[in-house]
Amino acid sequence: MDTPILDFVENYAATNAVRMHMPGHKGKGEIEKADITEIAGADDLFHAGGIIGESEKNASRIFGCDTYYSTEGSSLAIRAMLYLCRTASKSGKPWILAARNVHKTFVSACVLLDLDAEWITSGNDSLITQNITVSDVAKALASAAEKHDDLPCCIYLTSPDYTGHILPVREIAKICHDHGIPLVIDNAHGAYLKFLDPSLHPIDLGADMCCDSAHKTLPALTGAAYLHVKSNILSATKEDVKTAMSLFASTSPSWLILQSLDCLNPILETKFKDDLKITTGLVFFARKALADGGFSLLGEEPLKITISTKEKGRTGEQFAQYLRENEVPVEVEFSDPDQIVLMVSPNNTKEEIETVTAAILNIPQKDGSDVTSEKTSVSSINRPPRVTLPERVMSMREAAMSPWENVFIDEAIGRIAHLAECSCPPAVPPVICGEKITESAIALLKYYGYDSCRVVR
């Protein structure tokens, strides 16, 4: 498979032309010489008819759908997906039905697009995982549709989630399509699922649109991502998708990231699937060794190791610190009072995976009954408080666009949240803009280290 973007840039750099164009570094340096702008013969990401268009066609053949490049991560793709759903809706006031463990980009997109969300809940929710079932979706759809007197412009889910839990996308897609509703998936952590045998990629399981962060699990530069579209419901043309992306994107996309996506295509077409099979096998045995060692593992995702650390008498932060201080330092993806998340890719060697496994097994253990969060002053809290759904009293947009003030956390009870109070991972926000802040939300915010929050003035 050819690499039209990379070839063009390399050929241009070889001419040693005097660069009287952006960027200001003028190609002086090994990295800088590969960084260009939309010069003659290059292409425009959002009107791609040349080398970028050719490269996106290569990616589309690999993924089996219309695939578009993002140099601004899945965040850009999420905003574009919600815009496409909103503009395709025939409802007077479009709304979304979503599982609540959304990335904060989802919330900001709802604010920008004046969309409100109704939430799918499950009996097994935690702060960071929602075990949504087909029954949960059907129940939430019936209840919310009656409230709005029409159907949502899409059903929006995060799968896999940050801890590695994968939802039954195929079954949920069927119920969505039975009602004529598009299914949109935040698959930021699951780009590699396409290359499993069989594929677990959302598009192959019936999703209408999804985003993949190529940089999370594929060998691509940070910021490299895809937006995938394969829908008979939305009927979005290539021009529609590019227009949607251009609304939220920089007019100066990174040509380094574009080359990274371009170079990825031959890898994905040839050796990646075999490399992935080897790596998932190594992770399987690593997970087994940890489980045999008495560790409690979360999630089903085959490239992720998520450990609930409290059973071993340590917080996730303590586990992470022990691993940093290992003879061979290990830096985890994420840690909090309850767990650590480790992300593996085929670029991790067998020796690295074995080193990490051994390091975890050697972490000193103690009685878990006295474990408290290192981030909270509430020493009596050993587990996160139960997630409860706050009351919405303003629309997301109205709250986010209102004057605000920052108050101490104990002074926020009964106030209206200005913006979502949650960390970066796709998690279950204790409170979202427009919702009334409750005592249970305050307890959660304290547990995760917040001492203040923004409220509508």
Using only alpha carbon pairs under 8 Å that are at least six residues apart, calculate the relative contact order of region 1-155 and give it in whole percent.
16
Near the amide H of residue 66, under 5 Å away, which other amide H atoms are found, from residues 5 or more places off or on another chain, if H is placed in the peptide plane?
229
So which of 93/216; 238/273; 174/273; 90/174 end up more than 32 Å apart by C-alpha?
93/216
Between region 125-168 and region 61-121, the alpha-carbon center distance in angstrom
14
Using a 7 Å offset from the Cα along the Cα-to-Cβ direction at both residue 250 and residue 391, what is the distance between the two label points in nm, to one decimal?
4.4
Express the carbon and sulfur contribution to the solvent-accessible surface of region 239-364 as a percent, rounded to the nearest whole number, probe 1.4 angstrom.
53
Mind giving me the FRET efficiency for residue 14 and residue 275? R0 is 30 Å, r the Cβ-Cβ distance, nearest 0.05 is fine.
0.45
Can you return the aspartates and glutamates within cross-link range of residue 277? Criterion is Cα-Cα under 16 Å, with same-chain partners fewer than 8 residues away left out.
197, 269, 300, 301
Rounded, prolate or oblate, given the Cα gyration tensor of region 1-63, with a/c below 1.5 counting as rounded?
prolate
With every protein chain in place, region 140-218: carbon and sulfur % of accessible area (1.4 Å)
51
Seen from all sides and averaged, what is the projected area of the convex hull of the Cα atoms in region 186-307, in nm²?
9.1
Using a probe radius of 1.4 Å on heavy atoms only, what accessible surface per residue do you get for the chain? Whole Å² is fine.
43
Under 16 Å Cα-Cα from residue 271, which lysines qualify once same-chain neighbours fewer than 8 residues away are excluded?
194
Take every Cα pair under 8 Å in region 67-211 that's 6+ residues apart, average their separations, divide by the length, and report that relative contact order as a whole percent.
22
Expected 222 nm ellipticity per residue - DSSP helices of 4 or more, -39500 (n - 2.57), all of the chain, to 500
-11000 deg cm²/dmol
What percentage of the solvent-accessible surface of region 54-115, computed with a 1.4 Å probe over protein heavy atoms, is contributed by carbon and sulfur atoms?
49
For Cα Rg over 2.2 N^0.38 Å the list reads (1) 1.60; (2) 1.02; (3) 1.10; the calculated value is entry (2)
Rg ratio (alpha-carbon, reference 2.2 N^0.38 Å) - region 116-179:
1.11
For region 81-190, what value does the Rg/Rh ratio take when both radii are computed over Cα atoms and Rh is the Kirkwood radius, given to two decimals?
0.93
If I ignore ligands, DNA and RNA and count only protein heavy atoms, how much of residue 1 is accessible to a 1.4 Å probe, in Å² to the nearest 10?
80
Here the averaged projected area of region 252-340, based on the convex hull of its alpha-carbon atoms and given in nm², is 8.4
Give the relative contact order (percent, whole number) for the chain; include only Cα pairs under 8 Å separated by 6+ residues.
15
How large is log10 of I(q)/I(0) for region 1-123 at q = 0.11, 0.17, 0.18 Å⁻¹ when the intensity is taken from the Debye formula with one equal scatterer per alpha-carbon?
-0.59, -0.96, -1.01
Whole-Å distance linking the alpha carbon centroid of region 268-299 with that of region 322-346 is 16
Just to verify a number: FRET efficiency for residue 22 and residue 345, C-beta to C-beta distance, R0 = 35 Å, to 0.05?
0.60
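The values are calculated or read from the model by the stated rules, or taken from the named source; none is laboratory data. None of these values were measured; they are calculated from a predicted model. Neighbour counts are summed over all protein chains in view; Cβ atoms, including those assigned to glycine, are modelled from backbone coordinates with ideal geometry. Accessible surface areas use protein heavy atoms only, side chains included; no ligands, DNA or RNA. Shrake-Rupley method; radii C 1.70, N 1.55, O 1.52, S 1.80 Å.
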